[in-house]
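Shown next, in structure tokens, is the structure this report addresses.
The values are calculated or read from the model by the stated rules, or taken from the named source; none is laboratory data. Just so it is clear, the model here is predicted, and its values are computed rather than measured. We place every Cβ from the backbone using ideal geometry, glycine too, and count neighbours over all the protein chains shown.
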Amino acid sequence: MSARDRFDVIGKARRRVDGRAKVTGHTRFADDIVLPRMVHAKILRSPHPHARIISIDTSRAAAAPGVHLVLTGRDFPVTFGILPVSLDEYPLAPERVRYVGDPVAAVVARDEQTATGALDLIDVEYEVLPTIATPEEALARPDVRIHDYNDHGNIHRNQAFEFGDVDAALAASDHVFEDVFFFEGNTHLPIEQHAAVGAVDGEGKLTLWSSTQVPHYVQRQMARVLAVPDAHIRIIACPNGGGFGGKTDICNHEAVVLKAAQMLGRPVKICLNREEVFYLHRGRHPVLMKFRTGVANDGSITGMHLQTLLDGGAYGSYGAASTFYTGALQTVTYEIPRYKFEACRMFTNKPACGPKRGHGTPQPRFGQEIQLDKIAEKLHIDPAELRLKIVAKPDTLTANWMRIGTIGLAECIRQVVARSDWTAKHRKLPSGRGVGIACGAYMCGAGLPIYWNRMPHSGVQLLLDRSGQVTVFCGATEIGQGSDDVLAGIVAEVLGIDPYDVRCVTGDTGLTPIDLGSYSSRVTVMMGNAAIQAGERVKAQLAAAVAAELDSIPGRIVFAKGRAFVADDPNKSLSFREAVVAAEVKFGTIGAVGSYSPPKPPARYKGGGVGPSPAYSYTACVVEVDVDAATGWIHVPKIWIAHDIGRALNPVLARGQVEGSVYMGLGEALMEEQVFRRLPPKLSHALVHKMPSMLEYKSPTSLDMPEIDTILVEDPDPNCPFGAKEVGQGPLLPVMPALANAIWDAVGVRIDELPITPEKVLRALALKAEGKTPRVGPASFPDVPYPDPMIVPPPWEGGDGNAVDAPPRRTARPKEPATP
Amino acid sequence: MDDTGSKVGMQRNVQMVLRVNGEDCDVSFAPYKTLLEVLREDLDLTGTKHGCELGECGACAVQVDGAPVLSCIVLAVECEGAEIETVEGLARGATLHPLQAAFADLGGAQCGYCTPGILMTAKALLDAEPDPSRERIREAISGNLCRCTGYQQICESIEAAACEMRAEGSDAKVNSRGKA
């Protein structure tokens, strides 16, 4: 981090560097790519949630006019997967389909219409298999196996950790609170449907343009699936028309068009339709959770036992990481001296779940923040005061060995309390109106990559020439969050030039140094630090040359406003272009690279690789609601949200990320759900998506959005570029529980599951009127066969970060992934 | 290719002149094609986007005779003789339309995918109502889904553009009076 606190670019509200392209229609998304001789692919998908493929006859389709190629599972003998522990998907299913929408065959034809028509000419004979609809059913029917690579029945991942004796802590507590919550699954719904174009270049090498957030991982998996050297495959991540995690997995259609292009020797494009995007999914896991929390009379937490059960859908996807994430970050917000965490992910016959904004952490955050509200109520402590009392301390380790650096949460709480006039409102508004508060935390990039390696997580290259041109290359991907703007802004600040004079070349594995991708809120911190390093290296070359020209010393040369000055004699200066010319004369071609690796995590136990981060961001949120007791209708007039961002690099974009998170969180809180239903037995009994369309999958419109008061709390973090933490995901987390808590304040009912619909509010109000517990939510938590926990003493109980009785590990080398 | 209409399921292309962004475009396309498809595929105007192709998301909005229209549920053959305006026609040379400038400056565009549709919807609003309230703006764009912004910066961008356009309008009046 720079020691400076006065900046020319950083912190200034300005037009993003790619703003002009976005408002003129110039931004080229994947489906906007048109190439000579290009043909079009469509995919045939399974109509059954679980079936064996007996036979596929493609002869009629292959003979249809205009059809160039028909592909089936026979063309793809090798599996893929985003995580090395679950390489369980085929581009096209060879013998088994596992959800309605699972790809079975593909047609490539002269146009989309012809390809779509030919799908009807493919004859597939299926043997329908019993279907697993829920995690509970998956536990009860281990005989119906969806996969056979996992150890038991339909349990995909199953793990348990205990950091200190939680049962003893709870037994010694003044109070023990036990609550069960459910968070329904939902999907990203990016407005851009996934698209990809595969092509063969003049040298016979492959290029794939795709709406992906992770070109580097796509390159690795395409090489695997097509058995082509990585270096012969170039992945170009087009700017994404929204990602939110929905474009972080390897997609079947990417392999299909690349293989087809390879076979046909001409470009092949695919664009999924909206229904297919719902099937591709990889969205928020439905999670059932149980919290047992010990609390002292003063509100401090003595220990927490969290159990989670995830509905993973039909494939692994990021699920191994998601499972860890339902518990790993629970400790970085409040002081929790002892912590036990058990998590289990089940396979079901539905589209695979994966990472959506917040990846695995919004679900337990929802439960914990509602439970805190219940604790505050019982102990007669103001919920904001309670949180201020138990906020985690800076520069500490948590019970599960996560290292907390800076933490601005207390200031966030104070800000939203003051701005919302909380004290005058909470428990004081007329019936039907209420306020609720909740907090959250998120990481600024995962501490470990998703496949084990010791190389940097992000690389940046700078190239300057005598024209004064500055080009910056980085594998990071622009998904709307402002990745390119962060990159150009940082380079411009370091070199003292205008960000609009920096050309960004990003997300292209053929040209750019590797960056692991736009996920886990990692880009600002990791790419940013790499960019600073590259910039400083170039600056040193320029300074040496300028000093020689101006008869000074390099340490005195300052770069600002497009010029290089001698610090104590500003009359002596060169233009930036002259400085580059001087440097090119002195050193030859001017360029530099920078790279970034996160700090080594203190956790040394197996599983401790998920959750560490260079820094954590924190958020506090107050939601105000109006609840109509006659209809259950929930109106949200205003939301106050304060985010500990470290430093806002471009406040316009930072605020946009916060407001976008609030929006998406509000959608999850009130209406969004990816749910399924069984067709009647006479109609195959299949498990189908209830509403795979944008009209039926409700998301908030402009009319549904409240006024949002956004507060950026700036306390620069030393691990972050210019102190800047993440802002893309963290602000989503507190919105859902704050809304649930506001409903309690408004009408005195607890809705312990999402989404919170008018129907559930009415049901709870009816229970209240009958004198019953005014609560709607899951009644119980099933008996999940968790393994014996790995015992890891917390730092203050003599631990060293290793598990007890585990062989000491000389280097932290967990095989399990660490991701979004 | 051999698309002459002789095969089963093939239909002859229609030939017509579509007036797009003030230009007459002679174009030949299959008669089942939507305006969206003809704009993107036959006229290379890929600035107009699609998010559902069912009239649900608003990403494909263009102006037809001044009104915002979802181009994914309009047949191109219906648009003969109409004035079609797309995002490519908004800027005057290198000068951005005030709506474009405001969206770029104030966070109205994040990923930029819903942006062309919202710009065209907002332009239709401001052409008809130069000084709309926040409520009117929210109502006007309620058929355009945006998953990035939460709509607040979009509304602010439209308000800023409206302000700018009103100022330009009064300047223009002053100028024309001055000339007279």
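Couple of notes before you dig in:
- Taking the stretch A:541-656 as the region of interest, the strands (runs of 3 or more DSSP E) fully inside it that hold 3 or more residues being of a type outside the set (Ser, Thr, Tyr), touching a strand residue (DSSP E or B) at 6+ places or on another chain (Cβ under 9 Å) and surrounded by fewer than 24 Cβ atoms within 10 Å (Cβ to Cβ) are A:563-566, A:569-575, A:590-596, A:634-644.
- Qualifying positions in the stretch A:167-200 - within 14 Å of chain B (Cβ to nearest Cβ), among the hydrophobic types (A, V, I, L, M, F, W, C) and under 24 Å from A:Val675 (Cβ atoms): A:Leu189, A:Ile191
- Look at the stretch A:142-155: where a residue is in contact (Cβ under 8 Å) with a residue 12 or more places away in the chain and a partner is in a loop (DSSP other than H, G, I, E, B) and of a type in the set (A, V, I, L, M), sitting 6+ places away or on another chain with Cβ atoms under 8 Å, you get A:Val144/A:Leu129; A:Val144/A:Ile132; A:Ile146/A:Ile132; A:Ile146/A:Ala314; A:Asn154/A:Ile132; A:Asn154/A:Val144; A:Asn154/A:Ile146.
- Filter result for A:Ala106 (in the same structural domain as A:Leu272 (by TED's automatic domain parsing), closer than 30 Å to A:His685 by Cα, more than 25 Å from the chain's Cα centre (by Cα) and not polar (S, T, N, Q)): yes
- Residue check for A:Cys412: touching a Phe, Trp or Tyr at 6+ places or on another chain (Cβ under 8 Å) and part of a helix (DSSP H, G or I): yes
- Set A:Arg45, A:Arg52: member being charged (D, E, K, R), buried (at least 19 other Cβ atoms within 10 Å of the Cβ) and more than 14 Å from chain B (Cβ to nearest Cβ): A:Arg45
- Residue match in the stretch A:597-620 (condition: more than 14 Å from chain B (Cβ to nearest Cβ) and more than 30 Å from A:Ala803 (Cβ to Cβ)): yes
- Selected residue [among the β-branched types (Val, Ile, Thr), in a strand (DSSP E or B), farther than 24 Å from B:Tyr113 by Cβ and touching a residue at least 40 places away in the same chain (Cβ under 8 Å)] from A:Val197, A:Val124: A:Val124
- Meets criteria (surrounded by fewer than 21 Cβ atoms within 10 Å (Cβ to Cβ), part of a helix (DSSP H, G or I) and within 12 Å of chain A (Cβ to nearest Cβ)) for B:Arg166: no
- Residue count, the stretch A:116-150 (criterion: within 14 Å of another protein chain (Cβ to nearest Cβ) and out of contact with any helix residue (DSSP H, G or I) (no Cβ under 6 Å at 6 or more places or on another chain)): 4
- The listed residue being outside the structural domain of A:Glu254 (by TED's automatic domain parsing), at positive phi, in contact with a helix residue (DSSP H, G or I) (Cβ under 9 Å, 6 or more places away or on another chain) and not charged (D, E, K, R), out of A:Gly153, A:Gly204: A:Gly153
- Residues (farther than 21 Å from A:Lys247 by Cα, touching a Ser or Thr at 6+ places or on another chain (Cβ under 9 Å) and more than 14 Å from every other protein chain (Cβ to nearest Cβ)) located in the stretch A:55-95: A:Ile56, A:Thr58, A:Val70, A:Leu71, A:Thr72, A:Pro94
- In the stretch A:15-31, of all residues being charged (D, E, K, R), under 11 Å from B:Phe103 (Cβ atoms) and in a helix (DSSP H, G or I), the one that is nearest to the other protein chains (Cβ to nearest Cβ) corresponds to A:Lys22.
- Test: B:Cys146 is at the interface with chain A (Cβ under 8 Å from one of its Cβ atoms), among the hydrophobic types (A, V, I, L, M, F, W, C) and over 18 Å from A:Thr27 (Cβ atoms): no
- Checking each residue in the stretch B:128-143 for being part of a loop (DSSP other than H, G, I, E, B), within 7 Å of chain A (Cβ to nearest Cβ) and surrounded by 18 or more Cβ atoms within 10 Å (Cβ to Cβ) picks out only B:Ile141.
- Among the residues making up the stretch B:114-127, those that are hydrophobic (A, V, I, L, M, F, W, C) and at the interface with chain A (Cβ under 8 Å from one of its Cβ atoms) are B:Cys114, B:Leu119.
- Verdict on A:Asp249 being surrounded by fewer than 24 Cβ atoms within 10 Å (Cβ to Cβ) and of a type in the set (D, E, K, R): no
Here's the yes/no breakdown for (1) crowded, with 24+ Cβ neighbours inside 10 Å; (2) in contact with a helix residue (DSSP H, G or I) (Cβ under 6 Å, 6 or more places away or on another chain); (3) basic (Lys, Arg); (4) free of Cβ contacts under 8 Å to residues at least 12 places away in the same chain:
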position	(1), (2), (3), (4)
A:Tyr334	no, yes, no, no
A:Phe341	yes, no, no, no
A:Arg345	yes, yes, yes, no
A:Lys350	yes, no, yes, no
A:Gly354	yes, no, no, no
A:Gly358	yes, yes, no, no
A:Arg365	yes, no, yes, no
A:Gln371	no, no, no, no
A:Ala376	no, yes, no, no
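- Candidates A:Phe341, A:Phe278, A:Phe291, filtered to the one that is aromatic (Phe, Trp, Tyr) and within 21 Å of the chain's Cα centre (by Cα): A:Phe278
- Residue that is nearest to the other protein chains (Cβ to nearest Cβ) [pool: residues in the stretch A:654-699 that are basic (Lys, Arg) and under 27 Å from A:Asn273 (Cβ atoms)]: A:Lys698
- Scanning the stretch B:36-81 for residues that are under 18 Å from B:Asp24 (Cβ atoms), more than 14 Å from the chain's Cα centre (by Cα) and part of a loop (DSSP other than H, G, I, E, B) yields B:Leu43, B:Asp44, B:Glu80, B:Gly81.
- Every pair of residues 6+ apart whose Cβ atoms lie under 6 Å, when the first sits in the stretch A:793-814 and is over 25 Å from A:Tyr451 (Cα atoms) and modelled with pLDDT under 95 while the second is outside any loop (DSSP other than H, G, I, E, B) and of a type in the set (Val, Ile, Thr): A:Val804/A:Ile791
- Entirely in the stretch A:418-496, the strands (runs of 3 or more DSSP E) that have 1 or more residues that are modelled with pLDDT of 95 or more and not assigned by TED's automatic domain parsing to the domain that holds A:Val747: A:458-464, A:470-474
- Count of residues meeting criterion [surrounded by 24 or more Cβ atoms within 10 Å (Cβ to Cβ) and either at pLDDT below 95 or not charged (D, E, K, R) (or both)] in the stretch A:714-742: 20
- Sub-8 Å Cβ pairs linking a first residue in the stretch B:86-106 that is within 7 Å of chain A (Cβ to nearest Cβ) to a second residue that is among the acidic types (Asp, Glu), at least 6 apart or interchain, are B:Leu106/B:Glu156, ordered by first then second residue.
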